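Before any comments, here is the structure.
The values are calculated or read from the model by the stated rules, or taken from the named source; none is laboratory data. Just so you know, these numbers come straight off a predicted model, no measurement behind them. Using ideal geometry, Cβ is built from the backbone for each residue, glycine included, and neighbour counts are taken over all protein chains shown. Protein only, heavy atoms only, side chains kept; ligands, DNA and RNA dropped before computing areas. Shrake-Rupley method; radii C 1.70, N 1.55, O 1.52, S 1.80 Å.
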Amino acid sequence: MPSPLTCHILDTVSGKPATNVVCAVYKLDLDNDTNNAIIKSETQVALAKTNDDGRVTEWVFEPSPAMRSELRNLGILEKTPGKLEWDTLQKGFYKIRFHTGSYFKQKNARSFFPFVDIVFEVSDARHYHIPLLLSSYGYTTYRGS
């Protein structure tokens with residue numbers, strides 16, 4: 001079953017997919033008592049690297065037993081022995097951190113942004129795709145399909 005959360009990075013300078021970019025998913029806990037929705041805490045739950053097409057289609061999850069309960073609450077299940085999979089993406093606030101500085105350093109290029117953080121809200125059971133259009137000094141994102 002495909003992951004309910006995917007992402008894709010296109011290097012708009014070269015016009016090619018951005019490969020081997022580390023991407024991390026965080027679950028955010030917000031203080032909704034204010035009108036500003038302040039982030040109280042964040043927990044990293046998954047990691048991946050973009051493939052040759054600049055895509056993340058499968059995530060690696062924190063394997064420690066202490067995290068298993070929290071992962072289950074996020075819809076991440078052990079469907080086959082020893083393999084965690086994202087079954088459903090639970091409602092809430094998440095962040096994907098793209099490690100863009102390392103990507104540009106590998107290309108011997110300068111970059112203004114060492115990381116790009118995209119915060120988004122999951123409000124239903126649809127598939128969530130987070131695309132990133134990236135250059136050395138700017139980026140764009142949108143709600144993908």
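Values computed for the structure shown
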quantity: FRET efficiency, 1/(1 + (r/R0)^6) with R0 25 Å, evaluated for Glu62 and Ala125 via beta carbons; calculated: 0.60
quantity: Among Ser41, Met67, Pro2 the positive-end extreme of the charge dipole of the chain (Cβ point charges); calculated: Pro2
quantity: Förster radius 41 Å - calculated FRET efficiency between Leu77 and Asn108 (Cβ-Cβ, nearest 0.05); calculated: 0.50
quantity: When region 74-145 is reduced to its Cα atoms, the Kirkwood hydrodynamic radius in Å; calculated: 14.3
quantity: Region 80-122 - percent of accessible surface contributed by carbon and sulfur, probe 1.4 Å; calculated: 53
quantity: Proximal charge balance of Glu58 [Cβ under 12 Å; K/R count +1, D/E count -1]; calculated: +2
quantity: Residue-level accessible surface for Ser111, protein heavy atoms, 1.4 Å, Å²; calculated: 40
quantity: Cleavage-rule hits, GluC sites (Glu not before Pro), region 1-108, DSSP coil, Cβ neighbours within 10 Å at most 14; calculated: Glu58
quantity: Accessible area per residue, Å², region 32-145 with all protein chains present, probe 1.4 Å; calculated: 62
quantity: Shape category assigned to region 5-72 from the gyration tensor of Cα positions, a/c cut at 1.5; calculated: oblate
quantity: Trypsin sites (Lys or Arg not before Pro) restricted to DSSP loop in region 28-129 with at most 15 other C-beta within 10 Å; calculated: Lys91, Lys107, Arg110, Arg126
quantity: Gaussian network model of the chain, Cα within-10 Å springs - most flexible of Asp52, Asp117, Asp87; calculated: Asp52
quantity: For the chain, projected area of the alpha-carbon convex hull averaged over all directions, nm²; calculated: 9.6
quantity: Dipole magnitude of the chain, debye to nearest 20 (Cβ charges: Lys/Arg +1, Asp/Glu -1, about Cα centre); calculated: 400
